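To keep things clear, I will list the structure first and then write my remarks on it.
Just so it is clear, none of the values below were taken in a lab; they were calculated from the coordinates. Because the structure is predicted, anything quoted here is derived from the model rather than measured. Virtual Cβ from ideal backbone geometry, glycine too; neighbours counted across all protein chains shown.
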Amino acid sequence: MGNPGYTYNPEKARQLLAEAGYPDGFEFEVTTYQAMVDILSVCKEYFKDIGVEMTINQVEEALWWAITGGKEHKQAATAPLGGVDAYEFWEVVKDEDNYFNYTAVEDPYIQEKYVEMGNTLDLDERNKILKELVLYWFGKASYMSLPVPYQYTFWQPWLKGQSGEYVTGVETGFLGPLKYAWVDQELKKEMGH
């Protein structure tokens, strides 16, 4: 979805905090797992610059899944939403009861636009709705978008029907597209395997 034009402006951030009733900042805790600690440490320093004290609650990843899926985190949690298509993202956040909607936000406007987007066949019109929805979402600041690392997919040349897709347009996840793959046994044998 790209960067919606964020800039680093601690003065403006402090002003917005004051306008929101937090002139001295506030404290919050984010629940996460080991892989996210480095990037959250950077975020923690940015927050510190504006008077917001972030505590990083690092737990084992299996426990993190249980805590976040059960919405038992205190104020915030990391979310592994990188690598999903835009429509899948809205499937997650449109419903507060969705396991992956860690904010537990249920917004009627998002639900309305999600349905409208799903009923729109014209790609240009659908993208217009999506852009409107993204700008609305970022304005709400329910999620803090973090950089997503590059993903690389490697496969053997004898695996056919697979070019590294993660999303096929029908279903997502690592295993979904693999059901269309097949092994070229002759090529595999030729290559000495």
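Just a few scattered comments:
- Packing-based order for 48-56, 114-122, using average beta carbon neighbours within 10 Å, highest first: 48-56, 114-122
- Each label point was placed 7 Å from the Cα along the Cα-to-Cβ direction; for Glu106 and Leu146 their separation is 2.8 nm.
- Computed lengthening from Ile39 to Tyr99, 0.36 nm per intervening residue step minus Cα-Cα distance: 19.3 nm
- For the residue pairs Lys44/Lys128; Lys74/Lys179; Lys12/Lys131, alpha carbon separations beyond 28 Å are given by Lys44/Lys128; Lys74/Lys179.
- Gained length - Glu61 relative to Ala181, 0.36 nm times residue gap less alpha-carbon distance: 40.2 nm
- Taking label points 7 Å from Cα along the Cα-to-Cβ direction, Tyr22 and Asn127 give a separation of 3.6 nm.
- Approximating the spin labels as points 7 Å out from Cα along Cα→Cβ, the Lys188-to-Glu72 distance works out to 4.3 nm.
- Among the listed pairs Lys160/Lys189; Lys113/Lys140; Lys71/Lys113, those beyond 19 Å (Cα-Cα): Lys71/Lys113
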